[in-house]
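Heads up, the thing below is written out as structure tokens.
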Amino acid sequence: MSRLAWAFLAALLLVLPASGQADLDPTVILVSFDGWRWDYHTKAPAPNLRSLMARGVRAENLIPSFPPKTFPNHYTIVTGLYPGHHGIVANTIKDRATGRTFAMTKPEEVRDAMWWGGEPVWVAVQRQRQAAASMFWPGSEAPIGGVLPRYSKAYDASYPPNDRVDQVLRWLDLPASERPTFVTLYFSDTDTAGHDDGPDSQAVRDAIVRADGYLGRLLRGLERRALADRVNIVVVSDHGMAAVTTDRVVVLDDYISLEDVEVVDINPTIGLFPKAGKEDQVYRALRKAHPRLHVYRRDATPESWHYRDHPRIPPIVGVVDEGWQVLRRHTMTDILARRLRPAGGQHGYDPAAMSMRGVFVAAGPAFTRGVDVRAFENVHIYNALAQILRVTPASNDGDPAVARALLR
Ligand code: AMP
Ligand code: ZN
Ligand code: ZN
């Protein structure tokens, strides 16, 4: 063989690993940056997210579902159901039927399928003989409908972010028969920094840069595999972040006796289960208690929340105005005595508040290019994912027309 032919062969061998995924089925990587407010790309350099915006579709902002908290909204994104329909109605939930209480920090509850209604994308995918993988996502640890993602990791907040990215890339390196077509990837940096120091802090700017760096590592990994234009990447967040201060606080036990209720959820929403015979009294005491606190019976919450149906919705639901907090007296005392560090940011307010809006950017063969769309609700994402992955979506709250407008 001539020297030129050898050089050609060597060059071919160099690019061969890149064509290992020649048989790639339509694939989606769903990336969540917890608490990434819609405007964060303007607060610190985020070149990788911006590059995705330039070659894909981006929403003005992503409207979270009530309550704009982590578990309810991550699970809405993968089911297309409002929290009031899928049953993860808060981060902390009481189920009266069983007497059990769900919390994000209780693995035995998080892993019990009884809490998780609807059909998440990974279940639909695997029912239809594809594989799914989860590098963390609320719901992914429970056998929903008897199905776990074929590849998944138990939640571990200390799992290094770059290792999460590398694990996702390794899953894509599997042979076609084992390769997942739907992969989730989750990072908490922006939420943690937002709570600690508030959305306008240097800590949040640093977290934005770090998070964008994880996305960059993923994009470079895909480029090395010649997959950058063949895999669909969807970047979302579950909610935004509002600045809070200790001088905008409603103290709950200034208005009711904590003996009369079980406080299942607090700040900035409240979920109250009044003791027997106390419901009217508690409701009336809170209804006009404070101009910044809005309290509803479960059958009269704002229509836009779609938060009336599920039996796990507390009998009395409340929320304070954007930037306010609702706390127990003893929490406030601990803050004032400097035994507790006050939060700098909070989320969970009415989804109408701009500070609660999240991010949606998607790019890849399935998505329209260089397009900005109006803000839309996160229930609509599910139908788009199902269509790309060619699976039949379970019945859900999304409008297929909104999903279609994102796709090519
Ligand atoms: P939030 O209270 O709504 O701000 O919740 C944010 C926190 O949820 C993050 O700091 C994470 O540590 C935690 N979290 C996120 N995903 C999971 C998960 N799959 N399992 C358990 N905890 C999680
Ligand atoms: Zn969150
Ligand atoms: Zn949070």
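The values are calculated or read from the model by the stated rules, or taken from the named source; none is laboratory data. Since we're looking at a predicted model, the values are computed, not measured. Quick reminder, even Gly has a Cβ in these numbers, built from the backbone with ideal geometry, and neighbours come from all protein chains shown. Protein only, heavy atoms only, side chains kept; ligands, DNA and RNA dropped before computing areas. Shrake-Rupley method; radii C 1.70, N 1.55, O 1.52, S 1.80 Å.
Checking residue 180 against (1) open to solvent by 10 Å² or more (accessible area, probe 1.4 Å); (2) farther than 30 Å from residue 340 by Cβ, which test does it fail?
(1)
Answer yes or no: is there a residue in the stretch 134-147 that is among the acidic types (Asp, Glu), away from ligand 1 (no atom under 13 Å from the Cβ) and buried (at least 18 other Cβ atoms within 10 Å of the Cβ). Show your work before the answer.
If we filter the stretch 134-147 for residues that are among the acidic types (Asp, Glu), which is where we start, we get 141.
From what is left, the residues that are away from ligand 1 (no atom under 13 Å from the Cβ) are none.
Looking through the stretch 134-147, none of the residues is among the acidic types (Asp, Glu), away from ligand 1 (no atom under 13 Å from the Cβ) and buried (at least 18 other Cβ atoms within 10 Å of the Cβ).
For residues that are open to solvent by 60 Å² or more (accessible area, probe 1.4 Å) and under 25 Å from residue 345 (Cβ atoms), tally how many sit in the stretch 297-321. Even if it seems obvious, please write down each step before you answer.
To start, the set of residues in the stretch 297-321 that are open to solvent by 60 Å² or more (accessible area, probe 1.4 Å) comprises 297, 299, 303-304, 306, 308-309, 311.
So of that shortlist, the ones also under 25 Å from residue 345 (Cβ atoms) come out as 304.
Of the residues in that region, 1 qualify.
Can you name the residue in the stretch 187-221 that is open to solvent by 20 Å² or more (accessible area, probe 1.4 Å) and of a type in the set (A, V, I, L, M, F, W, C) and, of all such residues, is farthest from ligand 3 (Cβ to nearest atom)?
Applying the filter and picking the extreme gives 209.
Would you pick out the residues in the stretch 303-317 that are closer than 23 Å to residue 285 by Cβ and touching a residue at least 60 places away in the same chain (Cβ under 8 Å)? Lay out the reasoning, then the answer.
Of the residues in the stretch 303-317, the ones closer than 23 Å to residue 285 by Cβ are 305, 307-308, 313-317.
Hits for the stretch 303-317 are 305, 307, 308, 313, 314.
Please verify whether residue 253 is farther than 30 Å from residue 52 by Cβ and in contact with a strand residue (DSSP E or B) (Cβ under 6 Å, 6 or more places away or on another chain), treating the condition exactly as stated.
Working: farther than 30 Å from residue 52 by Cβ: yes; in contact with a strand residue (DSSP E or B) (Cβ under 6 Å, 6 or more places away or on another chain): no.
The answer is no for residue 253.
Exactly one condition in (1) open to solvent by 10 Å² or more (accessible area, probe 1.4 Å); (2) touching a residue at least 40 places away in the same chain (Cβ under 8 Å); (3) more than 16 Å from ligand 3 (Cβ to nearest atom); (4) among the basic types (Lys, Arg) is false for residue 100; which is it?
Result: residue 100 passes all but (2).
Tell me, please, whether a residue that is within 25 Å of residue 117 (Cα to Cα) and in contact (Cβ under 8 Å) with a residue 40 or more places away in the chain can be found in the stretch 360-373.
Residues of the stretch 360-373 that are within 25 Å of residue 117 (Cα to Cα), as a first pass: 360.
From what is left, the residues that are in contact (Cβ under 8 Å) with a residue 40 or more places away in the chain are 360.
Yes: the stretch 360-373 contains one or more residues that are within 25 Å of residue 117 (Cα to Cα) and in contact (Cβ under 8 Å) with a residue 40 or more places away in the chain.
Select from the stretch 222-250 the residues that are more than 16 Å from ligand 3 (Cβ to nearest atom) and open to solvent by less than 10 Å² (accessible area, probe 1.4 Å) and write down the one among them that is nearest to residue 286 (Cα to Cα).
Of the residues in the stretch 222-250, the ones more than 16 Å from ligand 3 (Cβ to nearest atom) are 222-235, 245-250.
Now restrict to residues that are open to solvent by less than 10 Å² (accessible area, probe 1.4 Å): 222, 227, 231-235, 250.
Details: 222: 54, 227: 56, 231: 51, 232: 48, 233: 45, 234: 41, 235: 39, 250: 11 Å.
Only one residue tops the list, namely 250.
I need a count of the residues in the stretch 35-47 that are under 16 Å from residue 213 (Cβ atoms) and under 20 Å from the mean Cα position of the chain (by Cα).
From the stretch 35-47, those under 16 Å from residue 213 (Cβ atoms) are 36, 40-41, 43-47; that's our starting set.
Imposing the further condition that a residue be under 20 Å from the mean Cα position of the chain (by Cα) reduces the set to 36, 40-41, 46.
Adding up the residues that qualify gives 4.
Could you check residue 370 against (1) more than 16 Å from ligand 1 (Cβ to nearest atom); (2) surrounded by fewer than 20 Cβ atoms within 10 Å (Cβ to Cβ); (3) modelled with pLDDT of 95 or more and say which number it fails?
(3)
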